[in-house]
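Reviewing the structure listed below.
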Amino acid sequence: MPHEPTREEAYALLVEFNKSENLIHHALAVEGTMRHFASLYEGDVEKWGIIGLVHDLDYSLYPDQHCIKVRDILESRDWPEEYIRAVQSHGWGRCVEVKPESDLEKVLYAIDELTGLIASTALVRPSKSVLDVEVKSVKKKWKISGFAAGVDRKLIENGAALMGKDLDWVIAETIAGMKTVAKEIGLAP
C-alpha cells in the first residue's frame, strides 16, 4: 500500500543511491527550487520538494536506465504512483515517453537542467555564489555554447513553453529557489 514519503526518507534514498557530492548538491538545488515553485503555484511544498530531491535517484547507478529504473526503486518502497510518474516525466523525450502534465511535472522538467546552468554561472563569478546571480548573467552564459555544454538549452526552452511562462521569468524564479538553499549546495559566500 503506497504511503506518503517523508523528506527524511527521500534524503536517505538519495544518499543510498548517489555518492557524488555534485549529484547530491544538484538534488538539493532542484528540491529547493521545487519548493519555491510550489509556493508560487499553491502546490504541496513537501511533495514538490521530495520529488525534486529524488528526481535523479537512478542516474548514478543506472545511467543507461535513467528515469526507468527509478520506477522499480520507488515501487519497491511503496511510493505513490503520482511521485513515481512525476520523477519519470523529467526525462520526457530523452529516456522515457512520460510527458509532463501537471504543474509540478512541467516545473521539474523545465528547471532540472536550468539549475545546472545557474550553478555553473555562479561558480565562475568572483563570489562563487548564487546569491548575486542575475537573469542577465545567466542569459549571457546561455549564448556561449561551450559554457556548461552539457546543459540542454532547448529542453529548458521547451519546459518554459510547457509551463506557459516566459523564459526570463522561469530563470528568475529558479535563481530565487536556488538562493533558498545556497549554503546547502555550496553556492553561498
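No value in this document is a laboratory result; all are computed from the given coordinates. Please read all numbers here as calculations on a predicted model, not as lab measurements. Please note: Cβ atoms are built from the backbone with ideal geometry, for glycine as well, and neighbour counts cover all protein chains shown.
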Where the only charges are on Cβ atoms (+1 Lys, Arg; -1 Asp, Glu), what is the dipole of the chain about its Cα centre, to the nearest 20 debye? 1060 debye
Which value in deg cm²/dmol, rounded to the nearest 500, describes the helix-derived mean residue ellipticity at 222 nm for the chain, given -39,500 (n - 2.57) per DSSP H run of n ≥ 4 and division by the residue count? -18000 deg cm²/dmol
So what are the radius of gyration and Dmax for the Cα set of segment 7-179, in Å? 15.1, 45
As straight-line cross-link partners of Lys19, the qualifying lysines (C-alpha separation under 21 Å, not fewer than 8 residues apart within one chain) are Lys69, Lys183
Which residue, Glu82, Glu21, Glu42, tops the fluctuation ranking in a GNM of the chain built on C-alpha contacts under 10 Å? Glu42
Pick from Met34, Met178, Met163 the residue whose mean-square fluctuation is largest in a GNM of the chain, springs joining Cα atoms under 10 Å. Met163
Calculated FRET efficiency for the pair Tyr41/Glu97, C-beta based, R₀ 25 Å, to 0.05: 0.50
Only sites in a loop by DSSP and with at most 14 other Cβ atoms within 10 Å count here; which trypsin sites (Lys or Arg not before Pro) in segment 117-189 make the cut? Lys128, Lys143, Lys183
